[in-house]
Amino acid sequence: MDSDNNKLKLLYKTILGRVLLKLIFCRRWFSKMASIYYNSSLSKIEGYHSYNDWFTRKKTVNICGSEIDLISVAEANLSVIREEGNSFIVKDSVYDLEELVNDKKLAEEFKDGIILIFRLEYNYYHRYIFIDDGRLVFSKEINGELHTVRPIASKYKVYKRNTRIVNLLKTDNFGDVLQIEVGALLVGRIENNNKIKFKRGEEKGHFELGGSTIIQVYKKNVIEIEEHIEEIKVDIGEKIGEKNVKKN
């Protein structure tokens, strides 16, 4: 881990590193080249054909609580932020939801909502699930760069610069939910299972290679969850909040 951090410091804290990021490491062609290696037996880990086989391995997922309990979409470091209008702050960087989803009308529907940021580290389980029964309204990919999602790159506003998939989910208990899967350094592929109708706890998809992030946006007063949480470790399927049954 220390070795990885030192390499990232070289890339993000030096002039040479930033040049290499721009020209090579954040480019999709580099991610595709890296994926060839990590999908081959040259990168094998004991018990697995390749590094990517280990990285995308499946495990049994335990789903906690009842249908009104809000569960974690993934094994991740969770941060909870309240929007101010259509803006929110992550590590001193100001984000605009409209820029993130590339849709002004959609962003307005979630004004003053609650943002949940699930940051997956490279050694976490990289499959993610649906948080409720419901259906997929639409899904669209926004092409971009592939910066690391670790805090060292926070000033780059990686969530609006990185390649990402924007999904609008219509759920039974939490209404319309925005879910954005964000690629990261070496993560050239975000693999979704393309389910139109889904059940709580069903697998939605997975990331290939490296750390990644999932952002969820809930409308105002829909969920009850402790606010101002920052980088707290949660497990996939763990209860993290609940439906706000008093909103009406």
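Amide H of R82: which non-local residues (sequence gap of 5 or more, or other chain) have their own amide H closer than 5 Å, using H built in the peptide plane?
For R82, the qualifying residues are I115, H228.
Pairs K199/K239; K105/K199; K195/K219; K111/K199; K170/K220; K104/K170: which exceed 21 Å Cα-Cα?
With Cα atoms farther than 21 Å apart: K105/K199; K195/K219; K111/K199.
Would you kindly derive the ³J(HN,Hα) couplings of the stretch 219-230 from the backbone phi angles with the Karplus curve 6.51 cos²θ - 1.76 cosθ + 1.60 (θ = phi - 60°), listing them in order in whole Hz, with x for Gly and Pro?
Each residue of the stretch 219-230 in turn: 5, 4, 6, 7, 10, 10, 8, 5, 8, 6, 6, 9 Hz.
Under 5 Å between amide H atoms, partner at least 5 residues away or on a different chain: which partners does G205 have, H built in plane at 1.01 Å?
Correct list: Y128, N193.
Calculated FRET efficiency, I225 and N194, Cβ-Cβ r, R0 35 Å, to nearest 0.05?
On the way: r = 28 Å, r/R0 = 0.81.
In this case the efficiency is close to 0.80.
Please list 3J(HN,Hα) in residue order for the stretch 70-76, calculated via the Karplus relation 6.51 cos²θ - 1.76 cosθ + 1.60 where θ = phi - 60°; whole Hz, with x for glycine and proline.
Each residue of the stretch 70-76 in turn: 7, 10, 6, 6, 7, 6, 6 Hz.
Going by amide H atoms built from the backbone, whose H comes under 5 Å of the H on T213, apart from near neighbours?
When sequence neighbours closer than 5 places are left aside, the close amide H contacts are L120, V182.
Give me the number: length gained by fully extending N143 to D96, i.e. 0.36 nm times residue separation minus the C-alpha to C-alpha distance, one decimal in nm.
Working: separation 47, 0.36 × 47 = 16.92 nm, distance 1.74 nm.
Full-extension gain reported as 15.2 nm.
Work out from phi, with θ = phi - 60° and the Karplus expression 6.51 cos²θ - 1.76 cosθ + 1.60, the ³J(HN,Hα) of each residue of the stretch 234-244, listed in order in whole Hz, and give x for Gly and Pro.
10, 9, 4, x, 6, 5, 10, x, 7, 5, 7
Starting from the 7 Å offset along Cα-to-Cβ, what nm value, one decimal, do you get for the label separation of D112 and S87?
With each label placed 7 Å out from Cα toward Cβ, I get 1.7 nm.
Rank the residues E227, E208 as a footprinting-exposure proxy: fewest other Cβ atoms within 10 Å of their Cβ go first. Mind showing how you got there, number by number?
Working: E227 9, E208 20.
Ordered by Cβ neighbours within 10 Å, fewest first: E227, E208.
Throughout, read-outs are computed from the coordinates displayed, never taken from laboratory work. All values derive from a computational prediction rather than experimental measurement. As a convention, Cβ positions derive from the backbone with ideal geometry for all residues, glycine included, and neighbour counts pool all protein chains shown.
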